[in-house]
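The structure under discussion appears below in the form of structure tokens.
The values are calculated or read from the model by the stated rules, or taken from the named source; none is laboratory data. Computed from a prediction, not measured in an experiment: that's the story for all the values here. Please note: Cβ atoms are built from the backbone with ideal geometry, for glycine as well, and neighbour counts cover all protein chains shown. Side chains included, ligands, DNA and RNA excluded: accessible areas come from the protein's heavy atoms. Shrake-Rupley method; radii C 1.70, N 1.55, O 1.52, S 1.80 Å.
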Amino acid sequence: MTPPRAVSAAFLAFLIVILFSDTAAEIAGEDFPTTLRLERAIPRRGVEIEHLKARDLARDLSRRKNGRRLSVAGVVDFPVDGSANPFTVGLYFTRVKLGNPAKEFYVQIDTGSDILWVACSPCAGCPTSSGLNIRMEFFDPEKSSTASKITCGDDRCTSALQTGESICTTSESSSSLCDYTFQYGDGSGTSGYYVSDMLYFDTITGDEQAVNSSATIVFGCSNTQSGDLTKADRAVDGIFGFGQHDLSVVSQLSSLGVSPKVFSHCLKGSDNGGGILVLGEIAEPGIVYTPLVPSQPHYNLNLESIAVNGQTLAIDSSVFATSTTQGTIIDSGTTLAYLADQAYDPFVNAIVSSVPKSASPFVSKGNQCFVTSDSADSVFPSVTLTFMGGAVMLLKPEGYLLQQGNVDNAIIWCIGWQKNQGQGISILGDLVLKDKVFVYDLANQRIGWSDYDCSSSVNVTMSSGKNEYLNAGQLDVSGSSHTASRFIFVLVHIVYILTFLLHR
């Protein structure tokens with residue numbers, strides 16, 4: 001009875017080809033979301049709130065002053081450490097690998113600046129140890145076989161000159177190094193020169209495979225630091241700017257075809273911290289978008305109103321209008337949050353009026369505080385920020401309060417938002433950004449957000465502007481549940497047919 005079995009085997013082979021080709025085509029043809037998981041950080045030493053205010057103010061003052069193509073493209077995944085808690089860490093940072101041989105550097109995640117820079121050797125004023133319990137490294141372009149220094153005659157330096165990101169005087173020759181200086185209002189700052197070298201990273205491709213990738217990028221090589229950057233308590237190796245400038249890593253990798261021109265983060269708000277950072281679009285249900293204010297150096301949004309406990313505050317809308325001296329900025333490099341001078345007092349007064357008498361109010365070092373033995377959610381009101389297009393950002397009490405300590409069995413809560421004294425700029429820092437998905441869709445000039453448990457996995461797409469989102473389930477790199485079910489269906493039927501044929 002061999003001939004019939006041979007015919008059946010041929011039929012089986014045909015069936016397998018049809019089923020698998022159909023399934024494979026489906027897997028290859030769809031751009032399925034990618035699952036990324038939280039990497040937690042361990043809280044370290046505390047930082048005084050006044051120190052954070054001074055550092056954040058310095059950042060604000062500085063605002064007013066101042067490749068090789070890969071064969072694969074996909075979502076670029078970076079690990080996240082640190083936390084928003086100003087009494088433990090007060091910043092979020094990631095790790096990047098640069099040079100050949102590659103060295104790993106810890107850099108702060110900063111959506112308020114454009115350039116990736118790291119401390120270089122030799123360096124004056126650069127800390128050699130860190131209270132964050134990380135090993136400090138120094139980049140040396142002379143010891144990297146793939147490094148090259150950018151000169152003033154380089155087109156990439158010319159591009160940076162136009163936006164003030166580089167320095168080349170008219171008396172310098174085209175072979176002089178392309179320098180930069182980022183100076184803060186309190187005297188803190190860094191200076192150095194630009195180099196071109198390899199950046200190594202993990203790419204998750206369309207078929208949901210993790211690939212070790214690399215690309216040649218331009219970044220800063222700092223040989224001088226001053227002010228707070230010289231202190232070791234929260235020292236990192238540099239700053240990773242996620243702005244829109246042509247020399248930002250996001251723009252460079254996008255222009256090389258390595259990643260989409262969209263990035264996302266989800267910063268965990270607990271003391272353990274950590275989070276998710278990808279060059280790609282986190283696609284979860286409920287994300288609302290508002291347009292970016294065009295032609296701005298930072299991520300400016302059109303804030304239209306603030307409501308406390310559902311009541312819109314009586315603040316003139318002109319207070320939030322964007323100009324050279326006004327506007328609302330999203331900045332992950334700022335620890336706290338700051339309200340424009342004219343908006344601050346109405347905000348604080350509304351919160352005080354909404355808090356029950358069981359929470360005793362008092363003022364500590366200029367900050368409005370409360371003592372209560374009840375939970376924050378049951379005592380303090382919610383805050384609603386409404387942006388252009390009706391995009392609403394709902395803040396729970398932890399989005400504007402800081403836990404300052406304990407008295408007996410009661411907790412001391414203080415309003416963490418600060419007054420931007422004499423200024424019209426509002427800055428939404430980590431205090432606001434934590435425990436939310438944020439999507440920076442640069443291709444479509446918009447920013448979106450949604451409340452989210454940043455310890456959960458997320459769905460990520462390789463392109464921006466999609467309107468269809470999959471369910472935020474605990475998916476793994478095998479793909480969507482539909483594809484997995486189809487694959488299992490095929491396998492089950494193959495086993496059934498084989499069993500039938502072998503027992504005939």
request  = Only Lys, Arg, Asp and Glu count, each charged at its Cβ (+1, +1, -1, -1), so figure out the dipole size of region 228-332 about its Cα centre, rounded to 20 debye.
outcome  = 100 debye
task = Mind giving me the FRET efficiency for L313 and R135? R0 is 41 Å, r the Cβ-Cβ distance, nearest 0.05 is fine.
result = 0.30
inquiry  = Under a Cβ-only charge scheme (Lys and Arg +1, Asp and Glu -1), can you give me the dipole magnitude of region 118-243 about the Cα centre, in debye to the nearest 20?
reply    = 280 debye
inquiry  = Relative contact order for region 88-159: what percent, with Cα pairs under 8 Å and sequence separation of 6 or more?
reply    = 28 percent
request  = Determine the share of region 106-208's accessible area contributed by carbon and sulfur atoms, expressed in whole percent, with a 1.4 angstrom probe.
outcome  = 47 percent
inquiry  = For a test of the definition: using alpha carbon positions, the gyration tensor, and the 1.5 limit on a/c, classify region 139-274 as rounded, prolate or oblate.
reply    = oblate
query = Which of K231/K261; K357/K396; K149/K268; K97/K143; K103/K231; K231/K365 have a Cα-Cα distance over 26 Å?
reply = K231/K261; K149/K268
remark   = If R0 = 22 Å, then S360 and N272, at their Cβ-Cβ distance, give a FRET efficiency to the nearest 0.05 of 0.15
note = Largest first and rounded to whole Å, the semi-axes √(5λ) derived from the alpha carbon gyration tensor of region 106-166 read 25, 17, 10
ask   = Rounded if a/c is under 1.5, else prolate if a/b is larger than b/c, else oblate: which is region 216-289, with a ≥ b ≥ c the root eigenvalues of its Cα gyration tensor?
value = oblate
query = What are the residues whose amide H is under 5 Å from the amide H of V458, where those residues sit 5 or more places off or on another chain and H is modelled from the backbone?
reply = L36
request  = Could you tell me the distance between the Cα centroids of region 120-171 and region 406-445, to the nearest Å?
outcome  = 31 Å
Region 352-361 - phi-based ³J(HN,Hα) in whole Hz, Karplus 6.51/-1.76/1.60, Gly and Pro as x = 4, 5, 8, 7, x, 5, 5, 9, 7, x
query = When ligands, DNA and RNA are left out and all protein chains stay put, how many square angstrom of accessible area per residue does region 133-250 have with a 1.4 Å probe?
reply = 41 Å²
